[in-house]
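Quick notes on the structure that follows.
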Amino acid sequence: MEDTLIGRYLPSFQKKPNRRVITAPKFYLFDVGIVNSLLNRGKIEPSTELFGKTFEHFIYQEVHAHSRYSENDYPVYYWRTASQLEIDFVLGEHEVAIEVKATEQANARHLKGLKAFAEEYETKKRILVSNDPLPRIVDNILILPWKVFLERLWAGDII
């Protein structure tokens with residue numbers, strides 16, 4: 001599936017799934033600000049569903065840019081099962097699984113998708129990107145504040 005001038009499709013990760021997965025691609029407009037303007041969203045308040053969607057869109061834009069500008073030029077996917085377990089981004093051939101949550105206090109319920117993905121695929125890294133104040137590890141999942149994640153991504157430490 002090709003990119004368009006106004007956005008790009010994010011394909012579903014479908015490598016030999018044991019669970020039934022959603023196959024339809026997601027679509028991200030090229031600029032999260034344009035999305036907000038077109039939808040007349042106004043001010044986006046923290047702790048709202050809209051903030052979470054915008055936050056995910058922002059992280060996607062950074063991951064996509066990194067995949068194209070780095071020497072790796074890795075593919076980016078998303079993964080969702082029919083039972084609604086989800087990973088926002090799968091980098092490479094399932095080397096890195098990333099979930100994005102706008103929460104300031106990540107907990108076990110935010111890790112369900114990453115744990116389910118790890119049951120299906122061997123990954124080098126599982127990361128939850130959030131608004132948590134400090135990096136930490138929970139159940140072998142790295143929880144990173146978004147600024148730290150972006151620093152590590154662009155330093156080549158994520159993939």
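The values are calculated or read from the model by the stated rules, or taken from the named source; none is laboratory data. Everything numeric in this text was worked out from a predicted model, so none of it was measured. Glycine also receives a Cβ, built like all others from the backbone with ideal geometry; neighbour counts cover every protein chain displayed. Accessible surface areas use protein heavy atoms only, side chains included; no ligands, DNA or RNA. Shrake-Rupley method; radii C 1.70, N 1.55, O 1.52, S 1.80 Å.
The table that follows gives values for the structure above.
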{"item": "Any chance Ile44 is in contact (Cβ under 8 Å) with a residue 12 or more places away in the chain and either within 25 Å of Tyr121 (Cβ to Cβ) or assigned to a loop (DSSP other than H, G, I, E, B) (or both)", "result": "no"}
{"item": "Criterion violated by Pro75 - all others in (1) surrounded by fewer than 16 Cβ atoms within 10 Å (Cβ to Cβ); (2) modelled with pLDDT under 95 satisfied", "result": "(2)"}
{"item": "Hey, Leu114 outside any loop (DSSP other than H, G, I, E, B), of a type in the set (A, V, I, L, M, F, W, C), crowded, with 18+ Cβ neighbours inside 10 Å and in contact with a Lys or Arg (Cβ under 7 Å, 6 or more places away or on another chain) or not", "result": "yes"}
{"item": "Flag if Glu49 is within 24 Å of Ser12 (Cβ to Cβ), open to solvent by 60 Å² or more (accessible area, probe 1.4 Å) and free of Cβ contacts under 8 Å to residues at least 60 places away in the same chain", "result": "yes"}
{"item": "Set Leu91, Leu128: member being crowded, with 19+ Cβ neighbours inside 10 Å and under 17 Å from Tyr28 (Cβ atoms)", "result": "Leu91"}
